[in-house]
Amino acid sequence: MKIGVCASPDKLPLLSELRYDYIETNFSWMMSLDGEEFKKQTALFDRCGLSSETFNIFFRGGMKLYAPDGNQDPMLKETADYTERGFARAAEWGGKIAVIGSGSVRRIPDGMTREETEPQFARILSVCGEAAERHGMRIVVEPLSRGDCNYIHTVAEGAAAARLSGHPAVGVLVDFFHHACNNDSLETLPDFADLLWHVHYGRPVDRFVPGEEDRATLETLAGILKQCPRAERISLECNWKPDFDTAVTSARPLMEIFRTI
């Protein structure tokens, strides 16, 4: 299993020095860059020798995914245009997986029901999967804590959404912080091994990086993930205390626990 960090590209030199395998960057931020700035960021990747194999924060704020009147065609077109441009850029940075969390965008809007939203979200996922596949990438649905989003909280629900999309490039992620917040089951994770393609880690109590006191917990998680062989990467997505540099440096030896998976 590869070990990475959710961070901005300015952290690439440090992460390369610490021998992390990849960086996970912000998809919507990448999409906001003008042509010249995108070239500058691409050159930074080339100099540091790391790729952004994964991406998070997928949809830009304010995007609309659902149509209360049932006419979703404008949303599907906007999504198709956005993802086609986005995955073309992401592939230049070595992208393999994009995470669809984006709780404020994907949430069930006021005035709509879950029954109305689910098939519309599945169509959005299918459009995203088509664009991802064209550029050699895949997407994963991220279950979020109930405090962050009113839709898709468990890995089972994320896997169900992926299956409903009907697209082979759509899977699911487990974020162990959100997973703990929702009291989701660790024992059932292997049930979704065919679709579980990516992992986020933040310490369940406070979302900090792991410390030595967390070794036994990490070993337990590693044992479970061994039963999910398609989960090829784990990214630290944390509150960086006391600061980013100190946190990712202290966490690096402990994350080796996942290396043998």
* Asked: If you line up the Cα atoms of the chain on their principal axes, what length do they span on each, largest first, in Å?
  -> 52, 46, 30
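Can you list the trypsin sites (Lys or Arg not before Pro) in the range 219-248 that are in a DSSP coil and have 13 or fewer other beta carbons within 10 angstrom?
Counting only loop positions with at most 13 other Cβ atoms within 10 Å, the trypsin sites (Lys or Arg not before Pro) in the range 219-248 are ARG230.
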* Pick out which of PRO210, PRO68, PRO13 has the largest mean-square fluctuation in a Gaussian network model of the chain, springs linking Cα atoms closer than 10 Å. => PRO68
* Asked: Taking 1 over the mean of 1/r across every pair of different Cα atoms in the range 33-114, what Kirkwood radius in Å do you get?
  -> 14.6 Å
* Asked: Separation between the ALA193 and ALA222 pseudo-spin-labels, each 7 Å from Cα along Cα→Cβ, expressed in nm?
  -> 1.9 nm
* **Zone residues, the range 117-144, relative to ALA180, backbone N less than 20 Å from point 7 Å out along Cα-to-Cβ** => 142-144
* Rg to Rh ratio, the range 166-261, alpha-carbon atoms and Kirkwood radius? -> 0.97
* Report, to two decimal places, the Cα Rg of the range 100-192 normalised by 2.2 N^0.38 Å (N = number of residues). => 1.05
* **Contact order relative to length of the range 170-261, as percent, for alpha carbon pairs under 8 angstrom and 6 or more apart** => 32 percent
* Structure fact -> the range 120-153 scanned against label point 7 Å out from ALA80 along Cα→C-beta; backbone N under 17 Å for 120-135
* Asked: In straight Cα distance, which lysines are under 18 Å from LYS77, not counting same-chain residues fewer than 8 positions off?
  -> LYS64
* What lysines could a cross-link reach from LYS11, if we take a straight Cα to Cα line under 29 Å and drop same-chain neighbours fewer than 8 places away? -> LYS2, LYS39, LYS40, LYS96, LYS241
* **Length-normalised contact order of the chain in % [C-alpha pairs under 8 Å, at least 6 apart]** => 18 percent
* Structure fact -> For the chain, the percent of accessible surface on carbon and sulfur atoms (probe 1.4 angstrom, ligands and nucleic acids excluded) is 50 percent
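The values are calculated or read from the model by the stated rules, or taken from the named source; none is laboratory data. As the structure is a prediction and not an experimental result, all values here were calculated from the model. Note that each Cβ is placed from the backbone with ideal geometry, even for glycine, and that neighbours are counted across all protein chains shown. Remember, those area values only see protein heavy atoms, side chains included, never the ligands or the DNA or RNA. Shrake-Rupley method; radii C 1.70, N 1.55, O 1.52, S 1.80 Å.
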